[in-house]
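Derivation of every value follows stated rules applied to the coordinates shown; laboratory data play no part. This is a predicted model, so every value here is computed, not measured. Every residue, glycine as well, gets a Cβ built from its backbone with ideal geometry; the counts of neighbours run over all protein chains shown.
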Amino acid sequence: MTTSAARTELTADELAYLREPHLGRLATVDAHGRPQANPVGYHLREDGTVDIAGFAMGTTKKWRNIAANPHVSLVVDDMARLGDARTARGVEIRGTAEQVVGPHGYGAHLSEELIRIRPYKIISWNLSR
């Protein structure tokens, strides 16, 4: 089932899926209005926000893009059965990103800068399969 009503809280199915080890793709908008998507790891927070940390986050294009335009989309998806598109499932989190700098506890190997997404729309598909 696809869920697309404008909601800002993750369902139990979405939380369970996002807690599995998946890679996400963060889409930002560059200074020319063009989209840029990057593979990212992510961390779910208890308050419903999503953190994205990195090795040198403050030097990245996505960091600069968010400074100019905070609207982002994070897509996490997979195929339950590899090669069978009918089993595609995932979650898209559209939100407003903020730049956070300071100790975060995600690992000393990561820089202190991170991106925090506050969802304004969550869409998911085929999570109950």
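Annotations for the structure displayed:
- The fewest-to-most ranking of Asp78, Asp84 by surrounding Cβ atoms within 10 Å reads Asp84, Asp78.
- Sites Asp47 and His22, calculated FRET efficiency, Cβ-Cβ separation with R0 25 Å, nearest 0.05: 0.75
- Low-density loop cleavage sites - GluC sites (Glu not before Pro) in the stretch 13-100, where at most 10 other Cβ are within 10 Å (DSSP): Glu46
- Here is how the number arises for the chain: DSSP H runs of 4 or more residues each give -39500 (n - 2.57), the sum is divided by the residue count, and the result at 222 nm is -3500 deg cm²/dmol.
- Computed over the chain, the convex hull of the alpha-carbon atoms projects to a mean area of 8.3 nm².
- Ranked Trp63, Trp125, criterion: other C-beta atoms within 10 Å, fewest first: Trp125, Trp63
- Local net charge near Asn38, Cβ-Cβ under 10 Å (Lys/Arg +1, Asp/Glu -1): +3
- Considering only alpha-carbon pairs that sit under 8 angstrom and 6 or more positions apart, the relative contact order computed for the chain is 33 percent.
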